[in-house]
Amino acid sequence: MPLILSPAAYVEKNALASDGVWVILLEIYVQQLDDYIRVCSNNEDITWNGVLWQSFPFSMDEIGDTTKGEIPQFSIRVSNINGAVQSYLEEAGGAVGSIVKLMVINTNIGLN
């Protein structure tokens, strides 16, 4: 699926200098609990499109292309230093079937 940028994101992406930063948002819908986990790769919580995204350490593999037309696969690792994620997943029975949405936003576009 091609990446479609809004006109504002296109301008921000091509700017020579900006006070905005690109932030990765990770939204996990846990069907068993009918609840969302919303975290951001930022040093502080942010509100984007009226939703609070909590600052939380996570990382992910680089997403690459293949020449064989395969669907790319990658891992997302979420910190579990205080055991909060583990207890949440245990309560959800492993959260099998959860829906994960990964977004990259710019803090100059859509923050409120």
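The values are calculated or read from the model by the stated rules, or taken from the named source; none is laboratory data. All of these numbers come straight from a predicted model, not from anything done at the bench. FYI the Cβ positions are ideal-geometry reconstructions off the backbone, even for glycines, and counts take in every protein chain you see. Note: areas computed on protein heavy atoms with side chains; ligands, DNA, RNA excluded. Shrake-Rupley method; radii C 1.70, N 1.55, O 1.52, S 1.80 Å.
Restricting to region 62-82, count the residues that are within 18 Å of Ile99 (Cα to Cα) and surrounded by 10 or more Cβ atoms within 10 Å (Cβ to Cβ). Adding up the residues that qualify gives 5.
Which residue, of Val85, Val21, Val30, is of a type in the set (Val, Ile, Thr), modelled with pLDDT of 75 or more and touching a Leu at 6+ places or on another chain (Cβ under 9 Å)? I'd like the intermediate steps shown before the answer.
Working: Val85 fails: touching a Leu at 6+ places or on another chain (Cβ under 9 Å); Val21 fails: touching a Leu at 6+ places or on another chain (Cβ under 9 Å).
None of the other options fit; the residue is Val30.
Checking each residue in region 58-83 for being without any contact (Cβ under 8 Å) to a residue 24 or more places away in the chain and within 18 Å of the chain's Cα centre (by Cα) picks out Ser59, Asp61, Glu62, Ile63, Gly64, Pro72, Gln73, Phe74, Ser75, Arg77, Ser79, Asn80. What tally of residues in region 84-112 results from selecting those that are in contact (Cβ under 8 Å) with a residue 12 or more places away in the chain, open to solvent by 50 Å² or more (accessible area, probe 1.4 Å) and either within 14 Å of the chain's Cα centre (by Cα) or farther than 17 Å from Gln31 by Cβ (or both)? The total comes to 8.
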